[in-house]
Amino acid sequence: RKAFLLLETEKEVFNFLKDLCTPAELTALAERWLICQALNDGLSYREIHTKVGASLTTIGRVARFLKDERYRGYATLLQKLANKK
């Protein structure tokens, strides 16, 4: 976890993730983030499925973590991005 905090640029994060994750894992991470943003924008599961191509199961999992889980990782990043606008 602390390794991420040491990265200073977008390129460093990108390169670290490329080393750390397989292409399929990177695709899954990107898909989940797109789902999170779409849910935050108020899109329905069906709209997200059509737009992103994700399974309804994956969409439901992201929705659960966004709304119900205590970690608040998605919500924290969404809030930080909103504050930057």
For residue 67, the lysines lying under 17 Å Cα to Cα, once residues fewer than eight places off in the same chain are dropped, come out as 80
Kirkwood Rh over alpha-carbon pairs of the chain plugged into Stokes-Einstein at 20 °C, 1.002 mPa s gives a D in µm²/s of 152
Two pseudo-spin positions, 7 Å from Cα along C-beta at residue 22 and at residue 76, lie apart in nanometres by 2.8
Comparing 18, 67, 51 in a Gaussian network model of the chain (Cα, 10 Å), the one with the largest mean-square fluctuation is 18
For residue 11, the aspartates and glutamates lying under 20 Å Cα to Cα, once residues fewer than eight places off in the same chain are dropped, come out as 19, 25, 31
Once normalised by the length of the chain, the mean sequence separation of its alpha carbon contacts under 8 Å that are 6 or more apart gives a contact order in percent of 19
For residue 61 the rounded accessible area (nearest 10 Å², probe 1.4 Å, non-protein molecules ignored) is 100
Given a 1.4 Å probe, the accessible area of the chain per residue, as a whole number of Å², is 80
Pseudo-spin-label distance residue 41 to residue 69, built 7 Å along Cα→Cβ, given in nm, is 2.3
Rounded to the nearest 10 Å², the 1.4 Å probe accessible area of residue 27 is 90
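The values are calculated or read from the model by the stated rules, or taken from the named source; none is laboratory data. Note that the structure is a prediction, hence the values are computed from the model and not measured. Heads up, the Cβs are rebuilt from the backbone with ideal geometry, glycines too, and the neighbour counts pull from every protein chain shown. All accessible areas refer to the heavy atoms of the entire protein, side chains included, with ligands and DNA or RNA removed. Shrake-Rupley method; radii C 1.70, N 1.55, O 1.52, S 1.80 Å.
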